[in-house]
Structure formats: C-alpha cells, structure tokens
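Participant: Can you keep this structure in mind? I'll have questions shortly.
The values are calculated or read from the model by the stated rules, or taken from the named source; none is laboratory data. Note that this is a predicted model, so its numbers are computed, not measured. Heads up, the Cβs are rebuilt from the backbone with ideal geometry, glycines too, and the neighbour counts pull from every protein chain shown. Note: areas computed on protein heavy atoms with side chains; ligands, DNA, RNA excluded. Shrake-Rupley method; radii C 1.70, N 1.55, O 1.52, S 1.80 Å.
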Amino acid sequence: MTNPRILLVEDSRDDAELVRLADQSLHLHSELVVAEDGEAALDYLFRAEADPPAVVILDLRLPGMGGLEVLRTMRSRPQTRRIPVVILTGSERDEDVLAGYDLGANSFVRKPHEFEAFRALITHLEHYWVMTNLRPPV
Amino acid sequence: MGKTEGSDGVHDGTEDGHQAGTVVSARAPIGHGVAWRLLASIFLFSSLVTLLTTLFELYMDYRGQIDDIVNRFEEIETAYLPSLGGSLWSLDTDQLQLQIEGIKRLPDMQYLEVREIGRSLKRRVTISTGDRGVGPVLSREFPITYAESRDRNDEQTIGALYVEATLSGVYARLVDKAVVILISQGIKTFLVSMFILYIVYRLVTRHLVAIASYLSRFNLSQSDPLRLSRSRPSREDELDRMVGAFNQMSSGLREVYQQLHEVNAELEEDIAARRKAEEEVTRLNSELEQRVRQRTAELEASNKELDAFTYSVSHDLRAPLRRIEGFGQILADEYSTKLDERFSHYLQRIRAGSRDMSEMIDSFLKLSRSTRSELTVEDIDLSDMAAKVVARLREKDPQRSVSVEIAPGLRNRGDRRLMDAVLENLIGNAWKYSRHNKAAAISFGCETSEGRVVYVVRDNGAGFDMNYLDRLFMPFCRLHRPEEFEGTGIGLATVLRILARHGGRIWAEGAIGKGAVFRFTLWEAGGQDDKP
C-alpha cells in the first residue's frame with residue numbers, strides 16, 4: 001500500500017513549496033500532490049477515483065475556476081463527494097468561511113503568518129485527516 | 001335644512017334690498033333733492049305766513065266794516081232820530097215811511113222799524129221797511145224822544161227805532177278781498193319761491209350737482225382739480241372755501257396716494273427680487289441636493305471599492321509576506337549554523353520587517369473590518385472586558401509592573417468584538433506609552449458629564465502634544481517615532497470608527513510627559529439599535 005496522499009490545490013508554487021517543506025521537515029509519511037489550479041485538481045481526483053487522496057487542502061484563490069467552485073463540483077460528484085476538504089486560505093472574510101462550510105468543507109483554516117505556526121497547522125491537519133480520520137474502506 | 005335655506009333667502013333678500021336702496025339714493029335725480037325740498041319748505045312757510053297775514057288783514061277789515069256800521073248807527077241816531085221823533089209825534093206815518101226808507105238807503109241797512117210807545121195799546125203806530133232777520137245781521141234799537149219845548153228835560157220817549165244792518169255785504173266783500181289777497185299772495189309766493197329756487201340753484205345746487213358728479217368721477221390718478229363754472233364773487237364764499245379745502249384735501253390725498261404707489265412699486269420690486277432670490281435658492285438647493293445625492297452615491301460606490309481594495313490589498317500583501325517568513329524560517333533553521341553571524345542578523349532583520357508589515361496589514365484589516373462588519377449589539381461588561389485586556393497585556397509583558405485600576409460594574413451595550421478592539425487599543429496605548437514611567441498607572445473608569453456617562457482611560461505615560469490633537473485619530477498618523485514607540489498608527493482611527501458606529505464620540509487631552517486621558521461615550525442619541 002502506498003503512502004497516504006494529500007492533494008494540495010495551490011496556484012502559488014512558492015506556497016506549495018512551503019507546504020512541502022513543512023511537510024518534509026516534519027518527516028511525515030504522507031505524499032503531497034500539488035495541483036496548480038481547479039481543473040488540474042478535479043482532473044486528478046477523477047483519474048485517481050479508485051485511490052483518492054486522504055484529504056484535499058484547497059486554496060480559495062485560484063486562477064480560473066475558484067476554490068469554492070472546485071469544492072462545489074467535488075460535492076456534486078459521487079466519486080469525490082466523500083473526500084475530506086480543508087480550506088486553507090489567507091482570506092479573512094466571513095462570507096468565504098460561511099460559503100465554504102455551506103458547500104461542505106470539512107474545515108476552514110487560515111494561513112498563519114509565522115512559519116512555525118504554519119508547520120504546526122500542517123502537522124495537525126495531517127494527524128487528524130490522514131492518520132486519525134481514516135476513511136472506511138469503500 | 002329647509003329652515004336654513006329659508007333664512008338664507010331672507011338674508012339675501014334683505015341684502016338685495018339694501019343694495020338696491022343704496023343704488024337708488026346714490027343715483028337719485030337731483031330734482032328730488034335739496035332744491036325741491038327747499039322749494040316745498042319756502043312754499044309751505046310762505047303760504048302759512050300769507051294765510052296768517054291774510055286772516056289778520058281780513059279780521060282787521062271785518063272790524064273796520066263793523067265799525068263803519070256802528071258809526072252809521074250813531075250817524076242815524078244823531079242825524080235822523082230828532083226828525084223821526086217829530087214825525088212820530090205828529091203821527092205822520094207817510095213822513096215816517098219816507099224817512100226810514102231814506103235811512104235804509106244807507107249802505108248795509110236791511111230793515112228799519114219805528115214803533116210807537118205809550119198812549120193806548122190799541123192804536124200803536126208801527127212802520128217798517130225791508131226784510132227782517134234775513135242772514136247775519138247787526139241790530140240796534142234807539143229810543144225816539146220828543147220834547148215840546150227846547151228844554152231837554154221835557155223829553156219823553158214816544159217810540160223806538162229798530163235798525164237791522166245786514167252783514168252779508170260785509171262777508172261778501174271779505175270773501176272777495178280774501179280771494180284777491182290769496183291769489184295775489186299765492187302768485188307772489190310762487191314767483192318768490194321760483195326766484196329763490198333759481199337763485200339757490202344758480203348759486204348752490206348746480207354747484208352741488210357739479211361737485212357730486214365730480215366726486216362720483218373722482219379718481220386719485222386724475223389730476224384736474226375741482227373747478228366750479230361760475231363768475232367768481234369778489235370775495236371768497238363758502239363754496240370757494242369748500243372747493244379750496246376739497247382740492248387741498250384731494251391734492252394731499254393724491255400726494256399720499258402717489259407715495260403709496262411708489263412705496264408699493266418699491267415693495268413689489270422688493271418682492272419680485274425676493275421671489276427671484278428664493279427661486280434661485282430653491283434651484284441651488286435642488287442642485288445641491290442632486291449633487292449631494294450624486295456625491296453620496298459616488299462616495300458609497302468608492303467606499304465599497306475602497307473596502308474591496310483594502311481587503312484584497314491586505315489579503316494579497318500577506319501572501320508574499322508569509323512566503324518571506326516561511327522561507328526565512330527555513331533558512332534560519334537549516335543554514336544559520338553554516339553561515340556567519342551577519343547572515344543570521346540580516347535574516348532576522350528581513351523577518352522582523354516582514355512581521356512588522358504583517359502587523360500593519362492586520363491592523364489595516366481591523367480598521368476596514370470595523371467599518372464593514374455588521375454590528376451585533378449585546379450587553380457587555382466593560383469592566384470585565386478591560387480586565388481581560390489588561391491580563392493579556394501582563395501576559396505579553398510579564399516583566400512590567402503597572403498599577404491598573406478598573407472601576408467595577410461598567411456595563412453597556414455594544415458589539416463585543418469591536419468594543420474589545422476599542423479597549424484593547426486604548427488600554428494597550430496606555431500600557432505602551434507608560435513604558436518609560438517606573439510607576440506606571442492606568443485607570444479605566446467613568447464619570448458623568450451633562451447627564452451622560454463618559455468612560456475614561458487614563459495613564460501617566462509619555463502623553464502627547466495637544467497641538468497635534470487633530471492628527472491623533474487620523475489613520476497612519478503617528479505622534480511618536482517608531483524607534484520610540486512601535487505601532488501602526490491605525491489603532492485610534494479604528495477606535496474612532498467603532499465608537500462612531502456605536503453612536504459615541506472620543507476625545508483626548510494630554511501633555512508631553514504628563515500622560516494622556518481618553519474619554520469616550522456610547523449611544524449619545526439614546527438609541528442602542530444602531531444600524532450601520
């Protein structure tokens with residue numbers, strides 16, 4: 001069995017790199033897959049239908065199709081409906097938070113400024129969504 | 001209903017009648033006026049006088065005629081009686097008859113009778129002439145005496161003469177005379193009256209008519225004076241004086257009227273000018289309103305744009321800062337031991353800069369949120385909130401010893417999150433600026449001013465220059481150098497906005513080195529259901 005995968009939907013390569021670095025520096029055992037936009041993310045999810053990622057970490061600001069749109073599409077398809085989605089964003093707008101939860105996000109996390117905090121966040125996310133909250137076998 | 005109508009009808013009728021009467025009297029022909037009344041009065045009075053004088057004259061005449069008759073009687077007595085006595089003595093009846101007929105020829109004599117008295121009763125001689133007792137008469141009886149000698153003492157009454165004088169002649173003459181007098185007096189009266197009427201008409205009435213018609217035509221805008229067409233008497237008379245007085249009065253009136261006219265014209269001009277000004281004001285007002293509406297709409301639009309801009313700027317600015325911080329951290333973690341001191345130092349400076357900027361963005365966001373987010377007004381324990389703020393400050397700065405005094409039981413209504421920001425800013429400032437005071441003291445309490453609760457945050461810190469008071473609450477305006485006291489310069493601007501949204505105000509006083517006092521109010525208008 002392969003390592004559990006995390007799909008990170010993040011258009012900024014630097015931010016994706018930081019997540020990867022945080023991940024690596026923590027020596028976690030999950031594999032980080034990065035999709036640079038919404039289409040690529042959905043594409044990946046539909047291709048990996050048989051073996052979906054443990055969690056999708058979704059940025060709201062994406063070029064083209066926005067994060068909320070990706071979430072809506074995921075929740076409307078049976079094959080992606082049950083994949084946990086954590087929204088990770090710099091947005092502080094309450095509207096975004098509410099919209100995210102309305103569309104079925106499992107968690108809404110604001111990106112902390114401090115890298116230490118960020119690293120802690122990633123750890124928590126991984127622990128909870130990858131290690132603890134294991135999906136029942138399909 | 002019917003009654004009302006009826007009374008209305010009566011009322012109308014009365015009014016009509018009244019109006020008609022007024023019209024008739026105003027336009028009554030002059031012939032029925034003064035001249036005729038004058039004529040009638042003259043005629044009546046003159047007739048009365050004529051009548052009285054005529055009566056008097058007639059009476060005098062009557063008396064005269066009666067006197068004539070009486071005189072005639074006396075004449076008969078003296079002239080005829082002796083001869084009658086002789087004839088009677090001799091019983092010469094023929095002579096007696098002749099004699100009394102002679103007397104009867106005298107004017108007005110109607111009946112004469114001679115009677116014998118004395119002797120035997122059988123043969124009494126009675127001689128008469130004329131008709132006795134016809135019409136009004138005047139009678140007298142004279143005794144007839146006879147003396148045989150010349151001696152008067154021998155006289156004896158032998159008979160009586162009865163004389164009757166008729167008055168019908170007197171009356172007829174009186175009637176004739178009366179008729180003549182009346183006719184002549186009537187003609188005279190008529191002529192005099194007509195003459196007087198003419199004179200009065202010529203001297204007075206026609207001028208009165210002229211004056212009346214002039215007055216009925218009178219109009220203040222015509223300027224010809226009242227002038228009577230007559231040959232002027234050598235000396236001024238009543239009419240002249242009246243005309244003079246009237247002309248003086250009318251010229252006075254005209255003058256006043258003219259002045260009134262002028263004043264009126266001025267007033268009208270004034271009113272027109274004022275109306276014009278009013279219209280101008282109205283126009284300007286509506287223009288202004290239009291502009292205000294437009295500006296308001298523009299402002300609202302630009303406010304929204306600004307909000308969106310603020311939001312996206314602070315959001316988008318954060319992402320690169322986070323990357324700087326993230327990669328900086330990784331550099332610090334993994335390479336600081338491999339490179340020299342200066343590297344670590346610079347890296348630290350870079351990361352501190354990015355942290356400062358992040359803080360600025362945070363407060364920028366807070367400011368933007370303080371105006372954007374909806375208020376959730378609830379009961380708040382401000383004392384408790386202040387205590388928590390102080391607790392957080394102590395936790396952050398455990399090495400500082402600050403004496404804090406918080407009045408208990410301060411409660412009000414407000415948005416919990418925003419009011420927390422207010423207290424955090426005000427108490428945080430007090431905390432920050434009292435840093436250099438060894439015996440720093442902060443207090444949060446309230447006082448009453450003009451019936452209002454005023455909250456007070458006081459410190460004994462660095463204070464500020466009152467000259468820069470107006471810049472205190474402006475965003476990004478700082479009164480201290482960042483090296484002295486760090487800060488973003490946005491805290492008090494945020495406080496001001498939040499308090500404004502809570503219907504309150506904030507003002508401050510202070511002096512350099514003497515500390516600062518911030519006072520604020522909430523819900524000044526009384527309402528606590530503020531809608532942004």
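Participant: So what is the 222 nm mean residue ellipticity for the protein assembly as shown from helices alone, if each DSSP H run of at least 4 adds -39500 (n - 2.57) and you divide by all residues, rounding to the nearest 500 deg cm²/dmol? Present the calculation step by step, with values, prior to reporting the outcome.
Facilitator: Working: 17 runs with 368 residues, N = 670.
Calculated at 222 nm, the ellipticity per residue is -19000 deg cm²/dmol.
Participant: Apply 1/(1 + (r/R0)^6) to the Cβ-Cβ distance of residue B:231 and residue B:97, taking R0 = 56 Å, and write down the FRET efficiency to the nearest 0.05. Kindly include the intermediate steps, with their values, before the conclusion.
Facilitator: Numbers: r = 79 Å, r/R0 = 1.41.
Result of the calculation: an efficiency of 0.10.
Participant: Scan around residue A:57 for amide H atoms under 5 Å from its own, H built in the peptide plane at 1.01 Å from N, and keep only partners 5 or more places away or cross-chain.
Facilitator: The answer is A:7, A:8, A:9, A:86.
Participant: Have a look at the range A:105-128 and report residues whose accessible surface goes down by 40 Å² or more when the remaining protein chains are included, against the chain on its own, probe 1.4 Å, ligands and DNA/RNA excluded.
Facilitator: A:113, A:114, A:115
Participant: May I pose another question? Under 5 Å between amide hydrogens, which residues at least 5 positions from residue B:413 or on another chain qualify, with H placed 1.01 Å from N in the peptide plane?
Facilitator: So residue B:413 has HN proximity to B:380.
Participant: Right, next: Could you report the buried accessible area between A and B, both sides summed, computed with a 1.4 Å probe and given in Å² to the nearest 100? If you can, show how the numbers build up before the last one.
Facilitator: Details: alone 7800 and 34590 Å², together 40560 Å².
Buried surface at the A/B interface: approximately 1800 Å².
Participant: Sticking with this one: For the pair residue B:280 and residue A:31, how long in nm is the line joining their label points, each one 7 Å along Cα→Cβ?
Facilitator: Distance between the two pseudo-spin positions: 8.5 nm.
Participant: From the phi of every residue in the range B:351-356, what ³J(HN,Hα) in whole Hz does the Karplus formula 6.51 cos²θ - 1.76 cosθ + 1.60 yield, where θ is phi - 60° and glycine or proline is x?
Facilitator: Karplus-based 3J(HN,Hα) across the range B:351-356 equals 5, 4, x, 5, 5, 4 Hz.
Participant: Next up: What is the spin-label model distance, in nm, from residue B:253 to residue B:117 if the labels are put 7 Å beyond Cα along the C-beta direction?
Facilitator: 9.2 nm
Participant: Would you mind estimating how fast the range B:399-532 diffuses translationally, via Stokes-Einstein at 4 °C and 1.567 mPa s with the Kirkwood radius over Cα pairs, in µm²/s? Intermediate results must be reported in sequence, preceding the final value.
Facilitator: Working: Rh = 15.3 Å.
Stokes-Einstein gives a translational diffusion coefficient of 85 µm²/s.
Participant: Consider a paramagnetic label point 7 Å from the Cα of residue B:317 along Cα→Cβ; state which residues of the range B:471-488 have an amide N under 12 Å from it.
Facilitator: Under cut-off, by backbone N: B:476, B:488.
Participant: Something else: Amide H of residue A:31 versus every other amide H placed in the peptide plane: which residues, excluding those fewer than 5 positions away on the same chain, fall under 5 Å?
Facilitator: The answer is A:5, A:6.
Participant: What is the percent carbon and sulfur in the accessible area of the range B:55-213, measuring with a 1.4 Å probe over the protein chains and ignoring ligands? Don't skip to the answer; put the middle values down first.
Facilitator: Working: 5360 of 9420 Å².
Accessible surface attributable to carbon and sulfur in the range B:55-213 totals 57 percent.
Participant: How big is the range B:283-396 along each principal axis, measuring the range of its Cα positions in Å and listing the largest first?
Facilitator: Answer, in whole Å and largest first: 78, 37, 19 Å.
Participant: What is the percent carbon and sulfur in the accessible area of the range A:5-132, measuring with a 1.4 Å probe over the protein chains and ignoring ligands? Walk me through the intermediate numbers first.
Facilitator: Details: 2890 of 5800 Å².
The nonpolar share, carbon plus sulfur, comes to 50 percent.
Participant: Here's another thing I want to ask about it. Across peptide B:328-336, what mean number of C-beta atoms from other chains lies inside 10 Å of a residue's C-beta? Kindly include the intermediate steps, with their values, before the conclusion.
Facilitator: On the way: counts 1, 9, 8, 0, 1, 5, 2, 0, 0.
The shielding value for this peptide is 3.
Participant: Just to be sure I understand: if I project the alpha-carbon convex hull of chain A onto a plane and average over all orientations, what area do I get in nm²? Working shown, then result.
Facilitator: Working: hull surface 31.1 nm².
Spelled out: convex hull of the Cα atoms, projected over all directions, averaged, 7.8 nm².
Participant: Then there is this: Using a Gaussian network model on chain A with a 10 Å cutoff between Cα atoms, which of A:93, A:47, A:110 fluctuates the most?
Facilitator: The residue with the greatest mean-square fluctuation here is A:93.
Participant: Next up: Got a sec to turn the phi values of the range B:287-296 into Karplus ³J(HN,Hα) couplings, 6.51 cos²θ - 1.76 cosθ + 1.60 with θ = phi - 60°, whole Hz, x for Gly and Pro?
Facilitator: 4, 4, 4, 4, 5, 4, 4, 4, 4, 4
Participant: Take residue B:450 and residue A:128, extend 7 Å from each Cα along the Cα→Cβ direction, and tell me the distance between the two endpoints in nm.
Facilitator: So the label points at residue B:450 and residue A:128 sit 5.2 nm apart.
Participant: For chain B, take every pair of Cα atoms, bin their distances at 10 Å starting from 0, and report each bin as a whole percent.
Facilitator: Once binned at 10 Å, the Cα pair distances of chain B give 3, 9, 10, 8, 6, 5, 4, 5, 6, 6, 5, 4, 4, 3, 4, 4, 5, 4, 2, 1, 1, 0, 0.
Participant: Continuing with the same structure: How long is the gain from residue B:306 to residue B:195 if the chain were fully straight, where each residue apart is worth 0.36 nm and the alpha carbon distance is subtracted?
Facilitator: Working: separation 111, 0.36 × 111 = 39.96 nm, distance 11.12 nm.
Result: 28.8 nm gained on full extension.
Participant: Pull out a ≥ b ≥ c, the square roots of the eigenvalues of the alpha-carbon gyration tensor of the protein assembly as shown, then state rounded if a/c is under 1.5, prolate if not and a/b is larger than b/c, and oblate in the remaining case. If you can, show how the numbers build up before the last one.
Facilitator: Values: a/c = 5.83, a/b = 5.08, b/c = 1.15.
Prolate.
Participant: Leaving out ligands and nucleic acids, and using a 1.4 Å probe, what accessible area per residue does the protein assembly as shown come to in Å²?
Facilitator: Working: 40560 Å² over 670 residues.
On a per-residue basis, 61 Å².
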